[in-house]
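Worksheet for the structure shown next.
The values are calculated or read from the model by the stated rules, or taken from the named source; none is laboratory data. Because the structure is a prediction, the values reported are computed rather than measured. Backbone-built Cβ (ideal geometry, glycine too); neighbour counts: all protein chains shown. The accessibility values were calculated without ligands, DNA or RNA, using every heavy atom of the protein model including side chains. Shrake-Rupley method; radii C 1.70, N 1.55, O 1.52, S 1.80 Å.
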Amino acid sequence: MNTMLFGISGLPRGDGKRKFTYATAIPHLRGLGLDAMELPFVRSVNVTAKNQAAILAAKAENDFHLTAHASYFINLNAAEPDKLEASLARIRQGAEALALVGGRDLVFHPGYYLGQPPEVVRQTIADNLRRLPDLGVSYRLETTGKATQFGTVAELAGLCRDIPTCKPCLDFSHIHARDNGALKTRADFGRVLRQLADILGEAALAELHIHISGIEYGPKGEKRHLPLAQGDFDYTACLTALRDYGAAGCVICESPALEHDAMLLKKTWLAL
């Protein structure tokens, strides 16, 4: 990529009267000026042989970018063998479905510390990530919003450096919440990008996958996503830092206001 694409997580809200499918959502979002959609495989994988052709046609006709978010029920540090195998199966199922519609990035939270030292957890998660097949889909490891979850920038960038099938997903709102509102200025966001580039190289900044939303948080980190107009997440400072670093890739808006806030992000980016 040599530009920044903007899209939403899940199906668009629209006017509340129309129910969208993936195939009908794509031209609707393109008509609003958006470029991407993250398919929500968070509770079930709902791309099948039945809707594959319609999604592919809409994607091609609208020059549209598709990604997906895998199941919420993943822990690659699970102690119980059945939970671990189920986690790996959910990731594989998500990657296979995304590949059916020409998507490139499958996002998920890799796991929890469960009271173990971070370096031990890292090794366990790394071993399990290496068990995932290369399906032409990047496994995007998402920065996490709570201190109980494995997923700092340094932790995930280190895994992505060592495992060719993995790339990072920078959820700036999670980083902000995890560190109790730490991202306040353009320089704060720049430090995140600098850290990523120092570990993965400057080329990583040209193929970023990013999540942005408003965020409510407390002493234990993330509570819930908010519209951009609520909370204290400074999306303009975030986008400005991305411009400063010549970043490119895809920004997915996870705000409850979905397409409204995704359009706000794109307009802000273009105005910078």
- Could you list which residues have their amide H under 5 Å from that of residue 146, counting only those 5 or more apart in sequence or on another chain, with H placed in the peptide plane? 222
- Leaving out same-chain residues fewer than 8 places away, which lysines sit with a Cα under 26 Å from that of residue 167? 59, 83, 146, 184, 223, 266
- Note on the structure: Taking the chain and counting helices only, DSSP H stretches of n ≥ 4 at -39,500 (n - 2.57) each over all residues, the nearest-500 ellipticity at 222 nm comes to -12000 deg cm²/dmol
- Distance in Å, no decimals, from the C-alpha centre of the stretch 24-61 to the one of the stretch 198-272 is 22
- Task: In debye, nearest 20, what is the charge dipole magnitude of the stretch 1-101 about its Cα centre with +1 on Lys and Arg Cβ and -1 on Asp and Glu Cβ, if you could check?
- Result: 380
- Note on the structure: Sorted by chain and number, the residues with a modelled amide H under 5 Å from that of residue 215, at a separation of 5 or more or across chains, are 226, 232, 233
- Checked against the structure, the computed Rg/Rh (Cα atoms, Kirkwood Rh) among (1) 1.00; (2) 1.04; (3) 0.94 is the one labelled (3)
- Query: chymotrypsin sites (Phe, Trp or Tyr not before Pro) within the stretch 191-272: which are DSSP loop residues with at most 11 other Cβ atoms inside 10 Å?
  - Reply: none
- To one decimal place, what orientation-averaged projected area in nm² is obtained for the convex hull of the Cα set of the stretch 1-134? 10.0
- Quick calc: nm separation of the 7 Å Cα→Cβ label points for residue 63 and residue 135 -> 2.8
- Task: Mind listing the long-range amide H neighbours of residue 6? Cut-off is under 5 Å, sequence gap 5 or more, other chains count too, H placed in the peptide plane at 1.01 Å from N.
- Result: 35, 36, 251
- With the chain treated as a Gaussian network of Cα nodes joined by springs under 10 Å, which of 53, 95, 36 yields the largest mean-square fluctuation? 53
- Task: Give me the number: length gained by fully extending residue 206 to residue 163, i.e. 0.36 nm times residue separation minus the C-alpha to C-alpha distance, one decimal in nm.
- Result: 13.6 nm
- Message: At 0.36 nm per residue, and after removing the present C-alpha to C-alpha distance, how many nm does the segment from residue 50 to residue 223 gain when stretched out fully?
- Response: 58.6 nm
- Query: In the stretch 160-195, what trypsin sites (Lys or Arg not before Pro) fall in a loop by DSSP, with at most 13 other Cβ atoms inside 10 Å?
  - Reply: 184
- Task: From the P(r) of the stretch 148-202, can you give the percent of Cα pairs sitting at distances over 19 Å?
- Result: 26
- Task: Pop out the ³J(HN,Hα) list for the stretch 226-237 in order, Karplus 6.51 cos²θ - 1.76 cosθ + 1.60 with θ = phi - 60°, rounded to Hz; leave Gly and Pro as x.
- Result: 10, x, 4, 6, 10, x, 10, 6, 8, 5, 5, 5
- Once phi is turned into ³J(HN,Hα) by the Karplus curve 6.51 cos²θ - 1.76 cosθ + 1.60 with θ = phi - 60°, what whole-Hz value does each residue of the stretch 244-253 show in order, with x for glycine and proline? 4, 8, x, 6, 9, x, 9, 10, 9, 8
- Per-residue ³J(HN,Hα) for the stretch 257-262, Karplus 6.51 cos²θ - 1.76 cosθ + 1.60, θ = phi - 60°, Hz, x for Gly and Pro: 7, 6, 5, 4, 6, 5
- Message: So, taking all protein chains as they sit and a 1.4 Å probe, how much accessible area belongs to residue 109, in Å² rounded to tens?
- Response: 50
- Top mean-square fluctuation among 122, 90, 43, Gaussian network model of the chain, C-alpha springs under 10 Å? 43
- Query: Can you give the accessible area per residue of the stretch 4-271, in Å², using a 1.4 Å probe?
  - Reply: 42
- Message: Running a GNM on the chain with Cα contacts under 10 Å, which residue among 163, 91, 26 ends up with the highest mean-square fluctuation?
- Response: 163
